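> After the structure tokens below, expect a handful of questions from me.
The values are calculated or read from the model by the stated rules, or taken from the named source; none is laboratory data. Not measured: the values here are computed from a predicted model. Don't worry about glycine lacking a Cβ; one is built from the backbone with ideal geometry, like all the others, and counts go over all protein chains shown. Surface areas here come from the heavy atoms of the whole protein model, side chains and all, with no ligands, DNA or RNA. Shrake-Rupley method; radii C 1.70, N 1.55, O 1.52, S 1.80 Å.
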Amino acid sequence: MKLSQPRWPRLLPTDVVLGCARLGPVGARLPAPGTWGSVAGLLYFTVCFARGPGVAGQIAARTKRIKVGTAVHVLPLTHPLRLAEETATVDVVSRGRFILGAGRSGNPRGYAAYGVPYSESRERFYETLDILKTAWTNDTFSFDGKYHSFNEARAVPRPYQKPHPPIRIAGASEDTFPTLGRLGYPLFVSVRSG
């Protein structure tokens, strides 16, 4: 017997985003514990959104119980203050059901497209993560890092969850797992790794 590959309909990115926004209320009735979207997967589908918090906010606004998370924001390629504000907004809209999924990506081509050397990804990741947590937990703050500097910055709104939304970090390299374990972060483990 010869099996053939199923044929999936070709969808435009706008169709995928609109369909996922409509899935929120459906997802609330499924046995799944939450909806994961953004810059990776949503329930039983794998999708990619350029600005995940917008779709996550739509889903959060249309549901009452399910957790809504991003999987994953590539922190080294994201402005930390913008991400702090966008994700705090989703956390407020969801009334504390948001989970931030973060990672640094194993795709050097994505970094090249943004003009960021992949060799800086680890340092940029931890610096951005530090800024996010600082922005979420302080009315104003100053930061002088290697890649970002802020003087009396303010991220508005502040998250609903205190001190901030839970953070889950993607990892694919052997040296990443013990480091994130020592830091106490739950992991997304990449299944695409060799």
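> Lys64: which aspartates and glutamates have alpha carbons under 15 Å from its alpha carbon, excluding same-chain residues fewer than 8 sequence positions away?
Partners found: Asp91.
> Just to check, using Stokes-Einstein with a Kirkwood Rh over alpha carbon pairs, what's the diffusion coefficient of the range 65-115 at 4 °C and 1.567 mPa s in µm²/s?
108
> For the range 50-110, which whole-number percentage of the solvent-accessible area (1.4 Å probe, protein heavy atoms only) is attributable to carbon and sulfur atoms?
Solvent-exposed carbon and sulfur of the range 50-110 make up 52 percent of the total.
> Ok, one more. What is the Cα coordinate range of the range 82-167 on the first, second and third principal axes, sorted by size from largest, in whole angstrom?
36, 28, 16
> Summing Lys, Arg as +1 and Asp, Glu as -1, what charge do residues with Cβ under 13 Å from the Cβ of Gly69 carry, Gly69 excluded?
+2
> Separate question: Which value, in Å², gives the accessible area per residue of the range 77-161 when a 1.4 Å probe is used on the protein heavy atoms?
50
> Considering only C-alpha atoms, what is the centroid distance from the range 69-91 to the range 137-194, in Å?
Computed from Cα coordinates, the inter-centre distance equals 10 Å.
> How much net charge surrounds Glu85 when only the other residues with a Cβ under 12 Å from the Cβ of Glu85 are counted, with Lys and Arg +1 and Asp and Glu -1?
Summing Lys and Arg as +1 and Asp and Glu as -1 gives +1.
> Can you give the percent of C-alpha pairs in the range 121-194 whose distance is more than 22 Å?
Considering the range 121-194, 35 percent of its Cα-Cα pairs are separated by more than 22 Å.
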